[in-house]
Amino acid sequence: MENSRLREPASTAVNVTVGKRSREYLTDREVERLIETAKQNRSGHRDATAILVAYRHGLRASELVTLRWDDIDLATGRLHVRRAKSTLAPSKPISATGRSCPRFATRP
């Protein structure tokens with residue numbers, strides 16, 4: 001005995017388009033709290049700096065972890081980013097505050 005349902009098209013099928021989820025962003029205050037919390041662990045300065053750079057430049061996690069010191073050009077004030085998706089410019093301006101950071105001056 002054959003199953004006749006397998007051969008017949010579904011007469012009650014409905015094509016439902018699921019609504020797109022709106023983007024959710026952290027507020028400035030939430031980012032500040034996240035940075036303060038990150039500072040409390042053993043590698044707090046590094047983690048807090050990574051969060052700040054990612055937030056200010058809109059980096060994805062994969063883009064953040066692939067940054068190298070030679071991606072930072074203090075002479076021109078640019079940060080070169082290897083984009084995971086080619087949607088944005090590959091280099092970003094670094095603020096004057098970021099360029100004046102003493103830790104940048106000590107790196108080769």
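The values are calculated or read from the model by the stated rules, or taken from the named source; none is laboratory data. In this text, all values refer to a predicted model and were calculated from it rather than measured experimentally. Because the Cβ atoms are built from the backbone with ideal geometry, glycine has one as well, and the counts that use them run over all protein chains shown.
For Q40, all conditions in the list (1) part of a loop (DSSP other than H, G, I, E, B); (2) at pLDDT below 90 hold save one; what is the number of the exception? Failing condition for Q40: (2). Filtering the range 35-78 to residues that are at negative phi, in contact with a helix residue (DSSP H, G or I) (Cβ under 7 Å, 6 or more places away or on another chain) and surrounded by fewer than 16 Cβ atoms within 10 Å (Cβ to Cβ) leaves K39, N41, G44, L64, L74.
Listed by first and then second residue, the pairs linking a residue in the range 80-94 that is within 17 Å of R68 (Cα to Cα) and among the polar types (S, T, N, Q) to a residue that is assigned to a loop (DSSP other than H, G, I, E, B) and modelled with pLDDT of 70 or more, with Cβ atoms under 9 Å apart and 6 or more places separating them unless they lie on different chains, are S91/T76; S91/V81.
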